[in-house]
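In what follows, a single structure is set out as structure tokens and then discussed.
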Amino acid sequence: MKSQADTRQALVIGAGLSGSAVAYSLARRGWKVLVLDQAQCVGAGASGLPAGLAAPHVSPDDNVLSRITRAGVQATLERAQTLLKSGTDWALTGVLEHNLLGKRRLPADPLDPHSALASASQIDAAGLPPRSPALWHAQAGWIRPRQLVAAQLQNPNIQVLWEQKVDAIERHDETWTVTDAHGHVLGQAPWLVVASAFESLALLQHLPGFAVPLNPLRGQISFGHMADLTETQHQRLPPFPVNGHGSFISGVPTPEGPLGWFIGSTFERNCTQTPVRFEDHAANELRLSSLLPGLAEVMAGQFAPDRVQGWAGLRCTLPNRLPAVGPIDPQRLPGLCLSTGMGARGISLSVLCGELTAAWLNNDPLPLPPALAKHLAAQRFAST
Ligand SMILES: Cc1cc2nc3c(=O)[nH]c(=O)nc-3n(C[C@H](O)[C@H](O)[C@H](O)COP(=O)(O)OP(=O)(O)OC[C@H]3O[C@@H](n4cnc5c(N)ncnc54)[C@H](O)[C@@H]3O)c2cc1C
């Protein structure tokens, strides 16, 4: 029989926001974690997004997604506070949510204590017409996901091996073994967490009873350098990110270094291609014209093909927009966990999901009330 010290070891497949968050949460509890990723370095998948928002979801009835994202954003902001450099890696700016007519209904009085109807001066600062329907989320801001991934992986209990594409997983003698396409063993441990986004499906779909309905959802953002903006364009930039039908962020370092502006994102179902496309820049320009019409009017030239830059990635989604985390099927697949399906909210949800998985594995108190945690459990998809 193995001692407890032997069993507190995990393999994690995928070094994006999901995998790095699980690894960090386990490592903080004293587990030894080996993370394997097929890429050469951080940010190969959706977590290579240059900049995104941590912002809560709100709904008139404060539904499950709203309550979970609120807890998730809180967890992410605390992690950012601990591990990241404010102003360059992330910033707690507050986020204005502009709700367009015909889109999702905003609650008259948000139940989130950190959200409220936006004030006239906040609406004005965003450059929106007076009385535009908008909320102000005080506990929200922008984050550069690669920075968070890299910081989470910097833990002495975590070892990361790059350029390790896992091709197969199997369990013998209470140990999971992962191998590459040549059958070489890449790692072994009693616990295995699959966090390889949509590619998790290829690794898991042959397992008995596996029925988590993962889907790819392509998305592209458009961005440019602040230094290339005219004086008029600068003056029209909102002083905080604006979210709604798309999102606009400015004053955040671009992947090359200089400060930039960012508008996203497109949504394209069942597409697994990630090259940047000009028609998607056009779609983002259109998105800006409904999110921030005044800014869009003056930004037109910035979307010219020789000026605009882009980044595209694949989100991994589930039908109810809630991730699938933790043990998949403890009876048939003991020791096998998932942390994926973050959809369009990996920044807001991955840290909480990592904590939840680690709490389940380490028999700790959960970071969420059990009635909410069960909505995230990968086990909810286990077939009978
Ligand atoms: C355009 C766009 C805009 C977005 N904006 C926001 C936003 O504003 N706010 C927000 O919260 N979220 C946003 N998201 C979503 C967020 O980026 C994702 O939810 C998150 O990055 C998913 O992280 P992940 O670790 O699950 O997946 P990934 O980051 O895709 O990581 C998966 C990793 O697994 C590795 N891998 C895959 N297969 C294998 C294998 N067989 N062997 C070894 N390694 C493997 C990959 O190399 C990759 O590194 C956006 C996404 C997109 C595409």
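The values are calculated or read from the model by the stated rules, or taken from the named source; none is laboratory data. If you're wondering where the values come from, they're calculated on a predicted model, not measured in any experiment. Cβ placement follows ideal geometry from the backbone for every residue including glycine, while neighbour counts extend to all protein chains displayed.
Here is a yes/no grid of residues against (1) surrounded by 24 or more Cβ atoms within 10 Å (Cβ to Cβ); (2) in a loop (DSSP other than H, G, I, E, B); (3) acidic (Asp, Glu); (4) assigned by TED's automatic domain parsing to the domain that holds residue 275:
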residue: 306; (1), (2), (3), (4): no, yes, yes, yes
residue: 334; (1), (2), (3), (4): no, yes, no, no
residue: 337; (1), (2), (3), (4): yes, no, no, no
residue: 366; (1), (2), (3), (4): no, yes, no, no
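Filtered by the rule that a residue be modelled with pLDDT of 95 or more and closer than 23 Å to residue 218 by Cα, region 254-264 gives 254, 260, 261, 262, 263. Do we find a residue being within 14 Å of residue 355 (Cα to Cα), surrounded by 24 or more Cβ atoms within 10 Å (Cβ to Cβ) and within 16 Å of the chain's Cα centre (by Cα) anywhere in region 51-64? Within region 51-64 (the criterion being within 14 Å of residue 355 (Cα to Cα), surrounded by 24 or more Cβ atoms within 10 Å (Cβ to Cβ) and within 16 Å of the chain's Cα centre (by Cα)), the answer is no, since none of the residues qualifies.
Results for (1) within 16 Å of the ligand (Cβ to nearest atom); (2) without any contact (Cβ under 8 Å) to a residue 24 or more places away in the chain; (3) within 19 Å of the chain's Cα centre (by Cα), shown as yes or no for each residue.
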site	(1), (2), (3)
218	yes, no, yes
222	yes, no, yes
228	no, no, no
231	no, yes, no
236	no, no, no
239	no, no, no
248	yes, no, yes
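Put simply, of 223, 198 the only residue that is of a type outside the set (A, V, I, L, M) and in the same structural domain as residue 289 (by TED's automatic domain parsing) is 223. Residues in region 257-267 that are more than 10 Å from the ligand (Cβ to nearest atom) and touching a strand residue (DSSP E or B) at 6+ places or on another chain (Cβ under 8 Å): 258, 259, 260, 261, 263.
Scan region 170-189 for residues that are assigned to a loop (DSSP other than H, G, I, E, B), at pLDDT 95 or above and within 13 Å of residue 334 (Cα to Cα) and the total you get is 0.
In region 100-117, the count of residues that are among the hydrophobic types (A, V, I, L, M, F, W, C), part of a loop (DSSP other than H, G, I, E, B) and modelled with pLDDT of 95 or more is zero. For residue 347, are the conditions met, namely being farther than 18 Å from residue 47 by Cβ, within 11 Å of the ligand (Cβ to nearest atom) and either in contact with a Pro (Cβ under 9 Å, 6 or more places away or on another chain) or not in a loop (DSSP other than H, G, I, E, B) (or both)? No; evaluated as a whole, the condition is false for this residue. Counting only helices (runs of 4 or more DSSP H) that sit completely within region 1-84, those holding 1 or more residues that are within 16 Å of the ligand (Cβ to nearest atom) and touching a strand residue (DSSP E or B) at 6+ places or on another chain (Cβ under 6 Å) correspond to 17-28, 64-83.
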